[in-house]
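These notes concern the structure reproduced below.
The values are calculated or read from the model by the stated rules, or taken from the named source; none is laboratory data. As the structure is a prediction and not an experimental result, all values here were calculated from the model. All Cβ positions, even for glycine, are placed from backbone atoms using ideal geometry, and neighbour counts span all protein chains on display.
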Protein chains: 2
Amino acid sequence: MDDIARDTGLSAMTVSRALRESQSVSAATREKVLEATQRLGYHVDFIARQLRAKHAFQLGVVVSFRGYVGHYYFGQIVQGMQQVLAGTHYHISLFDLESEDFNDPLKCVNLCHQRRVGGLVIVGPGQKERFPKILADLAMPLIVVGSSLGRQAISYVAVDNISGARAMTEHLLDLGHRRIGFIQGWREGRDSAQREQAFRKTLAAHKVPVMEQWIGPGEYETRKAHHLAMEWLSRPAPPTAIFAANDLMAYGVIDAARSLGLRVPEDLSVAGFDDLGSSADFVPALTTVAQPMASLGTVAARYLLDVLQTNGPAAVLHQKLPTQLQVRSSTAPPGKSAVAGASKPKRRTSRRA
Amino acid sequence: MDDIARDTGLSAMTVSRALRESQSVSAATREKVLEATQRLGYHVDFIARQLRAKHAFQLGVVVSFRGYVGHYYFGQIVQGMQQVLAGTHYHISLFDLESEDFNDPLKCVNLCHQRRVGGLVIVGPGQKERFPKILADLAMPLIVVGSSLGRQAISYVAVDNISGARAMTEHLLDLGHRRIGFIQGWREGRDSAQREQAFRKTLAAHKVPVMEQWIGPGEYETRKAHHLAMEWLSRPAPPTAIFAANDLMAYGVIDAARSLGLRVPEDLSVAGFDDLGSSADFVPALTTVAQPMASLGTVAARYLLDVLQTNGPAAVLHQKLPTQLQVRSSTAPPGKSAVAGASKPKRRTSRRA
DNA sequence: GCCAGACTTGTTATCGATAACATTCATGCT
DNA sequence: AGCATGAATGTTATCGATAACAAGTCTGGC
């Protein structure tokens, strides 16, 4: 600030230049300025810089606080973003979908302009329908994370549910399973539907019949999946494998199997989707499809930064990140005994962790 | 902006006033201004307002992205903060403990001044040692969330581990348990130590001997607790109840009991600490100590807002929030059979959810 | 009829950094 | 010598909102 200028006998302008540009300031002057800056403990005021630059060096993350911030994924995504932003001047600002009323495009625009947010990351399910219209009003780089939006002119980065579910289904088929159940997630979200479709198509491609009685809703909830699995497994001739649309439901299935005296994976193979942090430590360790959540954040942040730097017309990014099949201890070839039903008691063995 | 002023034939000042103050502007004028504001799609520029007000209407959340953002609690705390901030103009900005180098007090001050952060919320373990010094340099309201700092002149809000662990221990004693194990969390953190101390003291107060062989380290990890419980439970005369310092470890204990053919809670009572979202849905539903994580955020945000509004010298807040005992299905009076050991197979019953 | 006091609106200066333009000074060329 | 060139620095204006102060208007009371 002016103190530095006075201290060094220079003008504020020169100080400003010395602190930013490498050209057009003599080495001796820069030296002096830097020294004084250190000594007086000066630091640029971002707000003022932002006002002049019409730019706040901020990326907004729009998220449902009520429904999603407590979620495991949210932190992962933010962490991925931060990795990209660490080297830059950019920061992350959180916007609450509920309290800000992002349903109203006008308010949304207001807020972003008010805060001079450089770009927006929309996180979480259920946003896809309303954001197209908002974007039209919003001359702002924007990317939706976690939902694939189809062919719309909005950028998104999502996880490739289809290849992930296909890989898992093939894994179960390769093990020899032919009687496979599938537990669905939310009906509203596209993710679960894609996983289910991939499951069905992969079975069909391998000429394995799809058993409609073993496809049912679990809403991504442990408890609902538990109930469903109890039903399936306590009837005669139950499935030999169950593929749940997320890990939490897989936990529920495993628990149901146990309370019926079935061993996992000997009597029933169970597969999930997500690879939650706890899934590797679960007993038995869960076979699942790992979602690259941090990478979602990384890609989103990098995209916005790119767009902001080129400041040309924003290229639309439609990216699906590959999943990774994590084969652990909850899946195995089907045992002969399982066909007989669930009532027969078995000897219990300790499981590999 | 000026457009509004021109449109309404008023001065920018009057427009500014009409949009903020309820006094000192005539109703007719305000009407006109608001109408024009709507029509022209105007919105105040926060950056400019901030520059003038020397104040950014932001609370910084300092958190270890690497270690804590993915954690379940983080979202809860942020959610709690947002509840308080929803009615205000304040927003949440995230600062990464790692990439910002908050170890260096100078850099920390710089950053906060640069961003004009109004107050700081420090989240996560392990901050207590270094922040005192930083605070001295930092003329900024600050509160540490989740760690009790003892008698230092830094505000904190934390969970009352001691009363929580005492309540749980008394619950187990009330049920009739006398052979109770305890699984510790991280050695470094104070939380686990406090829970353990409360456990020991409560036993002592009830003249129940503390069994050192049934107190062991679990590091808050499911798997480690699983191993430890396997060891304890496969020996003769095992404990009839195990109190784990967090829920994840309780899951591990329940799993260990099951793989040894023990029923929970009939043969072994298991208690946790945290009340994770999944714990109520776990089968059996977990008896645990609920931590008011969202309240931590709420209290922290409210404290900072208070301090910022009074702008007098900040009163130091040392608050411990009460926990709540959640009695569910994983604890019960000790069965007679448990004393005999773990090898005898039992009939399996379905459990209450 | 005139003025105190309340009410409403306008003017100027400011927050701090910096873009755009102006100025100074030294060097090298004809 | 005289002037063009360019490097280094200084001046002014600006981003947009608003605090502080100024001024104008209206009311009622003497």
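Being within 30 Å of A:ILE4 (Cα to Cα) and among the β-branched types (Val, Ile, Thr) is the filter; apply it to region A:38-71 and report the residue that is nearest to the chain's Cα centre (by Cα). My answer is A:ILE47. On the stretch given as region B:22-48, residues that are more than 20 Å from A:LEU111 (Cα to Cα) and within 9 Å of DNA strand C (Cβ to nearest atom) total 9.
Across region A:5-22, which residue is nearest to DNA strand D (Cβ to nearest atom) among those that are surrounded by 17 or more Cβ atoms within 10 Å (Cβ to Cβ) and more than 46 Å from the chain's Cα centre (by Cα)? Before the answer, list the steps.
Of all residues in region A:5-22, those surrounded by 17 or more Cβ atoms within 10 Å (Cβ to Cβ) come to A:5, A:7-8, A:10, A:14-18.
This time we only want the ones that are more than 46 Å from the chain's Cα centre (by Cα), so: A:5, A:7-8, A:10.
Working: A:ALA5: 7, A:ASP7: 12, A:THR8: 8, A:LEU10: 4 Å.
The residue in question is A:LEU10.
Is it the case that B:VAL84 is within 16 Å of DNA strand D (Cβ to nearest atom), touching a residue at least 12 places away in the same chain (Cβ under 8 Å) and within 27 Å of A:PHE65 (Cβ to Cβ)? Criteria not met by B:VAL84.
Screening the candidates B:ASP255, B:ASP247 for the property of being crowded, with 23+ Cβ neighbours inside 10 Å and within 20 Å of B:ASN161 (Cβ to Cβ) yields one hit, B:ASP247.
Might you check whether a residue that is touching a residue at least 60 places away in the same chain (Cβ under 8 Å), within 28 Å of B:VAL144 (Cα to Cα) and within 14 Å of DNA strand D (Cβ to nearest atom) occurs anywhere in region B:61-78? Step through it out loud before you land on a result.
Of all residues in region B:61-78, those touching a residue at least 60 places away in the same chain (Cβ under 8 Å) come to B:61-64, B:72-73, B:76-78.
Of the ones still in play, those that are also within 28 Å of B:VAL144 (Cα to Cα) are B:61-64, B:72-73, B:76-78.
Okay, now just the ones that are also within 14 Å of DNA strand D (Cβ to nearest atom), so none.
No, there is no match, as no residue in region B:61-78 is touching a residue at least 60 places away in the same chain (Cβ under 8 Å), within 28 Å of B:VAL144 (Cα to Cα) and within 14 Å of DNA strand D (Cβ to nearest atom).
Selection within region A:66-82: residues that are at the interface with chain B (Cβ under 8 Å from one of its Cβ atoms) and modelled with pLDDT of 80 or more. The member of this set that is surrounded by the most Cβ atoms within 10 Å (Cβ to Cβ) is A:VAL78.
Can you spot a residue in region B:43-65 that is at the interface with chain A (Cβ under 8 Å from one of its Cβ atoms), closer than 30 Å to B:LEU296 by Cβ, in contact with a helix residue (DSSP H, G or I) (Cβ under 6 Å, 6 or more places away or on another chain) and not in a helix (DSSP H, G or I)? Looking through region B:43-65, at least one residue is at the interface with chain A (Cβ under 8 Å from one of its Cβ atoms), closer than 30 Å to B:LEU296 by Cβ, in contact with a helix residue (DSSP H, G or I) (Cβ under 6 Å, 6 or more places away or on another chain) and not in a helix (DSSP H, G or I).
When A:TYR68, A:TYR73 are checked against the criterion of being away from DNA strand C (no atom under 16 Å from the Cβ) and in contact with a Gly (Cβ under 6 Å, 6 or more places away or on another chain), A:TYR68 stands alone in meeting it.
Annotation: B:VAL33 fulfils all but one of (1) in a loop (DSSP other than H, G, I, E, B); (2) farther than 21 Å from B:GLY118 by Cβ; the unmet one is (1).
Which residue, of A:ASP3, A:ASP7, is without any contact (Cβ under 8 Å) to a residue 40 or more places away in the chain, more than 12 Å from DNA strand C (Cβ to nearest atom) and not in a loop (DSSP other than H, G, I, E, B)? Show your work before the answer.
On the way: A:ASP3 fails: more than 12 Å from DNA strand C (Cβ to nearest atom).
Just one listed residue meets the conditions, A:ASP7.
A search for C-beta distances below 9 Å between a residue of region A:23-40 that is within 14 Å of chain B (Cβ to nearest Cβ) and more than 8 Å from DNA strand D (Cβ to nearest atom) and any residue that is in a loop (DSSP other than H, G, I, E, B) and aliphatic (A, V, I, L, M), counting only pairs 6+ apart in sequence or on different chains, returns A:LEU40/A:MET1.
Out of A:LEU296, A:LEU304, A:LEU262, one residue alone is outside any loop (DSSP other than H, G, I, E, B), touching a residue at least 24 places away in the same chain (Cβ under 8 Å) and within 14 Å of chain B (Cβ to nearest Cβ). It is A:LEU296. Within region A:102-113, not a single residue is of a type outside the set (Ser, Thr, Tyr), at pLDDT 80 or above and assigned by TED's automatic domain parsing to the domain that holds A:THR310. Quick one: B:PHE199 ticks every box in (1) modelled with pLDDT under 95; (2) touching a Ser or Thr at 6+ places or on another chain (Cβ under 8 Å) except a single one, so which number is it? Result: B:PHE199 passes all but (1).
Residue count for region B:284-301 satisfying the condition of being surrounded by fewer than 23 Cβ atoms within 10 Å (Cβ to Cβ), under 22 Å from B:GLN79 (Cα atoms) and small (Gly, Ala, Ser): 3.
Can you tell me how many residues within region B:203-259 are among the charged types (D, E, K, R) and more than 10 Å from chain A (Cβ to nearest Cβ)?
Just the residues of region B:203-259 that are among the charged types (D, E, K, R), to begin with: B:207, B:212, B:219, B:221, B:223-224, B:231, B:235, B:247, B:255, B:258.
Those left that are additionally more than 10 Å from chain A (Cβ to nearest Cβ): B:207, B:212, B:219, B:231, B:235, B:247.
Counting residues in region B:203-259 that are among the charged types (D, E, K, R) and more than 10 Å from chain A (Cβ to nearest Cβ) gives 6.
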